[in-house]
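*Asks:* The structure's right below; bear with me while I get my questions together.
The values are calculated or read from the model by the stated rules, or taken from the named source; none is laboratory data. Note that the coordinates shown come from a computational prediction; the quantities given were computed from them, not determined experimentally. Cβ atoms come from the backbone with ideal geometry, glycine included; neighbour counts cover every protein chain shown.
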Amino acid sequence: MNAAGVKYVNFLPLLNPKNQKQNMINNTPIRHICFDLDGTLVKSHITIYKTTLKALNDLNIPVDNFDEDKFYQRIGHHFEDIFEEFKIPVNDFEIFINIYKNQYFNFINESALYNGIEETLEYLKSKNVLTSLLTTKGQEQADRIIDYFKLRKYFNLVMGRRNGIAHKPSPEPLLFICKELNVKPEETLMVGDTELDIGCGKNAGSKTCGVTYGYRTKKALEEKEPDLIIDSIKELKNLNF
């Protein structure tokens, strides 16, 4: 524990002894774990999909080719990129976003925390590990979701999309968080379910952890070569605090 009362964690023992590469992680002190939201803490794909459909329908935009399973694989990306891929013509994106945000909580009962989230966050808090949230959702929406699931007490900082700050996979938002928490990027573990999260962590110079229970396959995560891959958030408790 340092002078500020923050405890350090090292990447030992390893989370997945079957993976020799993971066994070779440097003995780096970790003071801070940054979590993605959708697909990492919250199982939210049905809420996101139904809210998106509602907003598009309200704008009388046809969604004939809006494949649900394919959409789930794009969760985490910005809507502008998703609509471009699906060839959905959204002429006024700001209007769409306003409708989407206004409708989101009408479908929030379709979302739930993944198993072990509160247990793990409580454990990290008890070990004095700094925790933060980083999502591409807008700041107001991120705050409302965290409060809805009563997770506020676990986080030192909640960061949604903010004007003037690039979104994942840019390192900028994670570097901003690290600066706010007075922690070095190399003392940070970025945990998420997509290539955006892993890219953000790598670009910032942090350690990275992919979770297999979210919206990407294990193979897709392995291709991005995170430092760790876990099947349950509770596996973070196996780190040597």
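*Asks:* So for segment 202-220 (the condition being out of contact with any His (no Cβ under 6 Å at 6 or more places or on another chain), without any contact (Cβ under 8 Å) to a residue 60 or more places away in the chain and closer than 12 Å to Leu134 by Cβ), does at least one residue qualify?
*Replies:* Yes, segment 202-220 contains at least one residue that is out of contact with any His (no Cβ under 6 Å at 6 or more places or on another chain), without any contact (Cβ under 8 Å) to a residue 60 or more places away in the chain and closer than 12 Å to Leu134 by Cβ.
*Asks:* What is the residue count in segment 149-161 for residues that are part of a loop (DSSP other than H, G, I, E, B) and surrounded by 13 or more Cβ atoms within 10 Å (Cβ to Cβ)?
*Replies:* Residues meeting the conditions: 4.
*Asks:* Now, a different point. Out of Ile177, Ile97, report the one residue that is of a type outside the set (Ser, Thr, Tyr), crowded, with 18+ Cβ neighbours inside 10 Å and assigned to a helix (DSSP H, G or I).
*Replies:* Step by step, each of Ile177, Ile97 is checked, and only Ile177 is of a type outside the set (Ser, Thr, Tyr), crowded, with 18+ Cβ neighbours inside 10 Å and assigned to a helix (DSSP H, G or I).
*Asks:* Still on this structure, please answer the following. Applying the selection to segment 111-135, what residues are polar (S, T, N, Q) and closer than 22 Å to Lys184 by Cα?
*Replies:* Passing the criteria: Ser126, Asn128, Thr131, Ser132, Thr135.
*Asks:* Tell me, yes or no, whether segment 75-82 has at least one residue that is small (Gly, Ala, Ser), outside any loop (DSSP other than H, G, I, E, B) and in contact with a helix residue (DSSP H, G or I) (Cβ under 8 Å, 6 or more places away or on another chain).
*Replies:* The answer is no, given that none of the residues of segment 75-82 is small (Gly, Ala, Ser), outside any loop (DSSP other than H, G, I, E, B) and in contact with a helix residue (DSSP H, G or I) (Cβ under 8 Å, 6 or more places away or on another chain).
*Asks:* Find all pairs meeting these conditions: Cβ atoms under 6 angstrom apart; at least six residues apart or on different chains; first residue within segment 123-138 and farther than 11 Å from Cys34 by Cβ; second residue part of a helix (DSSP H, G or I).
*Replies:* From segment 123-138, the pairs are Tyr123/Lys237; Lys125/Tyr154.
*Asks:* Give the number of residues within segment 53-108 that are within 22 Å of Leu134 (Cβ to Cβ), of a type in the set (A, V, I, L, M) and touching a residue at least 12 places away in the same chain (Cβ under 8 Å).
*Replies:* Residues in segment 53-108 being within 22 Å of Leu134 (Cβ to Cβ), of a type in the set (A, V, I, L, M) and touching a residue at least 12 places away in the same chain (Cβ under 8 Å): 3 in total.
*Asks:* Checking Ile146 against (1) in contact with a helix residue (DSSP H, G or I) (Cβ under 9 Å, 6 or more places away or on another chain); (2) surrounded by fewer than 16 Cβ atoms within 10 Å (Cβ to Cβ); (3) farther than 24 Å from Ala204 by Cα, only one condition comes out false. Which one?
*Replies:* Answer for Ile146: the failing condition is (2).
*Asks:* Then there is this: Please indicate, with yes or no, whether at least one residue in segment 193-210 is closer than 18 Å to Gly138 by Cβ and modelled with pLDDT under 95.
*Replies:* No, segment 193-210 contains no residue that is closer than 18 Å to Gly138 by Cβ and modelled with pLDDT under 95.
*Asks:* Looking only at segment 118-126, decide whether some residue is in contact with a Leu (Cβ under 9 Å, 6 or more places away or on another chain) and surrounded by fewer than 18 Cβ atoms within 10 Å (Cβ to Cβ).
*Replies:* Scanning segment 118-126, I find at least one residue that is in contact with a Leu (Cβ under 9 Å, 6 or more places away or on another chain) and surrounded by fewer than 18 Cβ atoms within 10 Å (Cβ to Cβ), so the answer is yes.
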